[in-house]
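Working notes, structure below.
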Amino acid sequence: MEKKKISCSALRLAVLCLLFLMLFGIAGCGKTGAGEEEQRYAWPLGTASPEDTVTQIYAEKFAEEVNRLSGGKMKIQVYPNSTLGGDRELLESCRDGDIPFVIQNTAPQVSFMQDLAVFDMPCLFDSIEEVREKVDDDKFYSLVEQVYQDHGYRLLGYGDQGFRVMSTNRNITAFWDYKGQKIRTMENSYHMDFWKALSAAPTPMSFSEVYIGLQQGTIDAQENPYEVIVSNRLYEQQDYVVETNHLPHLISLIVSDSFFQDLPSEKQEILRKAAAFAGEEARKASDARIADKKKEIEANGTEIVVLEEELREKMKQASESVYEEIKEVVDEEIVKAYME
């Protein structure tokens, strides 16, 4: 008799059920000699990213620092590669308190928290240092932090993978060079409208189809951070990587608000301190890895194009319509704090 195959979703459900039991103490905690609760099982931290990414570095540094600061009394286990679900499933499970910690890009969070569309405002920053200064700014951070809390999460900080850039077979030296290029984007209306504003032809496509799409000419170009372009060897099918730097690729570290509030204040502080440390380590790793990725791209014969300031200004001016779209759905105070 054939053995029945267990689907990926069923496996994830089983894992989540086990994690739920661990989290809520049915099999999770015991008493030490002093009467203090001992954490026997590690709290899960879920990501949808592979191991060889800045996201994984961010997660591991956070887990290690929590363990160090707590003297081994607080343990976190990292589950990459969508083991506990894709981006949407992770967000839902975190909000419901089933998975305490999640690290992911801000883009999939917009459908849960529309105010986070502020991060889809294109061509606002000249350097990643400016981006980091903005997201760490006390005024802006407190506004965004409240958005997360209002929706059942606590924001612990942001890392990043630098900017999103464009790869293409057409050199970009003038604004009209974008015209008609079939560029793969995520299914995000603001991302698509940005490329339309540049007279390109944005084409939503499953990421798993991008390489073959470039190879067969179904699409002319795509946009992603350097890390994704290199890890998936997309540059092999492209003559140029153009530093459009149109959007920062931010990575958020969040925790379930209900889980966080149930922790004593000293444990909450350990999580905050560990998150701050891990965020800085992730940023350092991102900078170093981008430099390495550029070398790998150039060694392949693919040219990296740095845009002239005049062209970047034209791109920003063309983006005004996208700014107006986003201002209609994002809190006015958040937009002002982000743009000022």
Problem - Computed accessible area, Arg68, all protein chains, 1.4 angstrom probe, square angstrom - result: 150 Å²
Fill in the blank from the handout: The long-range amide H neighbours of Ile76, using H built 1.01 Å from N in the peptide plane and a cut-off of under 5 Å, are Trp43
Fill in the blank from the handout: Scoring only Lys, Arg, Asp and Glu (+1, +1, -1, -1) among other residues with Cβ under 12 Å from the Cβ of Asp287 yields 0
Handout entry: Residue with peak Gaussian network fluctuation, the chain [Cα springs, cutoff 10 Å], from Leu69, Leu214, Leu90
Key = Leu69
Handout entry: Estimated vicinal HN-Hα couplings, Hz - segment 216-228 in sequence order (Karplus 6.51, -1.76, 1.60; Gly, Pro = x)
Key = 8, x, 5, 10, 9, 7, 8, 9, 6, x, 3, 4, 6
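Considering only Cα-Cα distances, which of the following residue pairs are longer than 29 Å: Lys267/Lys327; Lys73/Lys134; Lys179/Lys327; Lys75/Lys134; Lys75/Lys336; Lys294/Lys316? Don't skip to the answer; put the middle values down first.
Numbers: Lys267/Lys327 37 Å; Lys73/Lys134 34 Å; Lys179/Lys327 26 Å; Lys75/Lys134 31 Å; Lys75/Lys336 39 Å; Lys294/Lys316 25 Å.
Distance filter (> 29 Å) returns Lys267/Lys327; Lys73/Lys134; Lys75/Lys134; Lys75/Lys336.
Want the number for Asp126 to Glu236: 0.36 nm per residue separation, take away the alpha-carbon distance, what's left?
36.8 nm
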Practice task
Please give the helix 265-299 orientation as an angle from the longest Cα principal axis of the chain, in degrees from 0 to 90, rounded to the nearest 10.
Solution key: 30 degrees
Handout entry: Amide H contacts of Ile304 (H built 1.01 Å from N, under 5 Å, at least 5 apart or other chain)
Key = Val241
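How much accessible area per residue does the chain have, counting only protein heavy atoms and a probe of 1.4 Å, in square angstrom?
I get 47 Å² per residue for the chain.
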Fill in the blank from the handout: Among Tyr190, Tyr148, Tyr41, the residue with the largest mean-square fluctuation in a Gaussian network model of the chain built from Cα contacts under 10 Å is Tyr41
Problem - Computed accessible area, Ser321, all protein chains, 1.4 angstrom probe, square angstrom - result: 60 Å²
Fill in the blank from the handout: On the formula 1/(1 + (r/R0)^6), with r taken between the Cβ atoms of Met339 and Tyr41 and R0 of 45 Å, the FRET efficiency rounded to 0.05 is 0.50
Practice task
Could you bin all the Cα-Cα distances of the chain into 10 Å bins starting at 0 and give me the percent of pairs in each, rounded to whole numbers?
Solution key: 5, 24, 32, 23, 11, 4, 1, 0
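Need one word for segment 176-220: rounded, prolate or oblate. Basis is the Cα gyration tensor (sqrt eigenvalues a ≥ b ≥ c); a/c below 1.5 gives rounded, then a/b vs b/c decides.
oblate
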Handout entry: P(r) histogram, all alpha-carbon pairs of segment 140-244 included - 10 Å bins from 0, percent
Key = 14, 40, 25, 16, 4
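Ranked from the most accessible area to the least, with a 1.4 Å probe and all protein chains present, what is the order of Thr173, Thr53?
Result of the area sort, largest leading: Thr173, Thr53.
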Exercise for the section: With an 8 Å cut-off on Cα pairs and a minimum separation of 6 or more residues, tell me the relative contact order of segment 37-85 in percent. Expected result: 55 percent
Exercise for the section: Please find the FRET efficiency linking Glu266 to Gln215, where r is the Cβ-Cβ separation and R0 is fixed at 51 Å, and quote it to the nearest 0.05. Expected result: 0.40
Problem - Fraction of accessible area attributable to carbon and sulfur, the chain (%, probe 1.4 Å) - result: 48 percent
Exercise for the section: Among the trypsin sites (Lys or Arg not before Pro) in segment 125-209, which ones are in a DSSP loop with at most 14 other Cβ atoms within 10 Å of the Cβ? Mind listing them? Expected result: Lys179
Fill in the blank from the handout: Nearest 10, in degrees from 0 to 90: the angle of helix 138-150 to the longest Cα principal axis of the chain is 60 degrees
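How much of the DSSP beta bridge set in the chain is antiparallel, as a percent to the nearest 5?
The answer is about 60 percent antiparallel.
The values are calculated or read from the model by the stated rules, or taken from the named source; none is laboratory data. For clarity, every value in this text was computed on a predicted model and none was experimentally measured. Neighbour counts run over all protein chains shown; Cβ positions are idealised from the backbone, glycine included. What goes into the accessible areas is simple: the full protein's heavy atoms, side chains included, and nothing from ligands, DNA or RNA. Shrake-Rupley method; radii C 1.70, N 1.55, O 1.52, S 1.80 Å.
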